[in-house]
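Heads up: the structure comes next, in structure tokens.
The values are calculated or read from the model by the stated rules, or taken from the named source; none is laboratory data. Since the model is a prediction, treat every value here as computed from it, not as a measurement. When we count neighbours, we look across all protein chains shown, and the Cβ atoms used for this are built from the backbone with ideal geometry, even at glycine. Keep in mind that these areas ignore ligands, DNA and RNA; they rest on the heavy atoms of the full protein, side chains included. Shrake-Rupley method; radii C 1.70, N 1.55, O 1.52, S 1.80 Å.
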Amino acid sequence: MTATTAPWRELAHQLADQLAAEGVLRSPQWGTAIEEVPRHVFVPSFYTQQPGGQWTETTSDSARWLEQVYRNEPLITALAVAPNGNQVTVSSSTKPGLMVRMLEALDIEDTHRVLEIGTGTGYNAGLLTHRLGDGQVFSVDISAGLVNAARDRLAARGLTPCLVTAHGGGGLPRHAPFDRIIATCSVPAIPWTWADQVHAGGRVLVDLKRSVHAGTLVLLTRRKDRLEGRFLPRWAGFMAIRDTDTAPPHDPFTVTPAEGTKSWTTLPPLPWDALVPWFLAQAQLPSPIRFGYRGATQHGRPVWAVFTSNEGSWCAVQMDSDHDRREVRQSGQVRIWDAFETAHSRWQHLGEPGWDRLGLTVSADGLHRVWLDHPDSRHHWTLPALRSS
Ligand SMILES: C[S@@+](CC[C@H](N)C(=O)[O-])C[C@H]1O[C@@H](n2cnc3c(N)ncnc32)[C@H](O)[C@@H]1O
């Protein structure tokens, strides 16, 4: 570093080099954006969760703040208090490598008008505006506080994209149509309003997460009567879209594993240990599933992995077992674990395909059809329309 170079510039340069070396950053335009848009302006502080669960804030007063901000890491930037009193995360600055991966996948051209759902810190809106200019970038967030802060930070760098406080599920009709829509929060179903707001041939990139960990980024192209495209090969996870500017809803009811019907499984209890089959299982689950833990061993490890559905069904799977099988308890109309077992066995039968072999077609009636290799494949799964919770 030379004496005349601001420390952040050197760190931003190193970050761009790292992303290029990893093969994530390919376009010179995004390289310049990473080098010239100062992430630290958009992340004046961030939160870290301690082993006991409590959150601590790191501000610019801390010696390690600047260096951490230019690491290829996501940073939690906003918390809210849930009804049970716990602090939960409601906004973050996405991992730069993931952001660049999405921007590269969108194949953005200089003339494009882009809508971002989930302004958050404003950093990604900053990258987009650096590349495209003020008049071509639009970004919405459900939180007025986040939008206002992002607007001020962008303006301080001379960037004035159109930022709006709105529920991103509705897109931004008064500024449509767009060439690209990028969502940086996950959705349980792709809103057809987005299809209405992209040009024919335009693209939508979003994390489709039906339930916790059940889905990943999908890149859809607007065709005449549908949105269609493939899942990106590498799994990614965003925080879920919220309907209000409050903490996301919590487990709706109490689960007592001992009261459920008993069976056994040889499959792993955690959704992230079998991501693709867990996603495919959603075809048999009428509502999104929440995930949590119950009980604790003397070493503090949870006893049960618990899945709950909005209408009252649940299953609990033993975390640790001395045998090659684990106990399962299920209750309610929807047999959540049975749906997972069925999907897992079909997935194995198909040769355990990864995300790169799966695609999605969304039609105007809201139907979500997941297919293997090709839209006309005889191997497909229909995700049920979602009942509101
Ligand atoms: C991972 S953060 C976005 C990161 C952001 N793109 C950045 O560069 O900092 C996800 C954001 O989605 C926002 N969000 C959640 N529900 C939303 C909704 N219904 N409409 C718009 N934004 C929403 C959250 O408030 C949060 O700021």
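A few comments on the model shown:
- Largest to smallest accessible area among R378, R234 [probe 1.4 Å]: R378, R234
- At R0 = 45 Å, FRET efficiency that the Cβ-Cβ distance of D320 and Q29 yields, to 0.05: 0.35
- FRET efficiency for S60 and Q298, using Cβ-Cβ distance with R0 set to 56 Å, rounded to 0.05: 0.85
- Cross-link reach list, lysines versus K209, counting only Cα pairs under 21 Å and skipping chain neighbours closer than eight places: K95
- Local electrostatic count, T297, Cβ distance below 15 Å [Lys/Arg +1, Asp/Glu -1]: 0
- 1.4 Å probe accessible area per residue over the chain, in Å²: 45 Å²
- Rounded to the nearest 500, the 222 nm mean residue ellipticity of the chain from helices alone is -6500 deg cm²/dmol, with -39,500 (n - 2.57) taken per DSSP H run of at least 4 residues.
- Spin-label model, E104 to T266: label points 7 Å out along the Cα-to-beta-carbon direction sit 4.0 nm apart.
- Amide H contacts under 5 Å for L232: L217, V218, L219, restricted to partners 5 or more places along the chain or on a different chain, H placed in the peptide plane at 1.01 Å from N.
- Mean sequence separation of contacting Cα pairs (under 8 Å, at least six apart), scaled by the length of the chain, corresponds to a relative contact order of 11 percent.
- Two-site FRET efficiency, T382 against R223, from Cβ-Cβ distance with R₀ of 25 Å, rounded to 0.05: 0.85
- C-alpha long axis of helix 123-132 to longest principal axis of the chain, angle in °: 50 degrees
- T193 versus S363: modelled label distance in nm, points set 7 Å from Cα along the beta carbon direction: 2.3 nm
- Kirkwood radius for the stretch 257-349, taken over all pairs of different Cα atoms as the inverse mean of 1/r, rounds to 13.4 Å.
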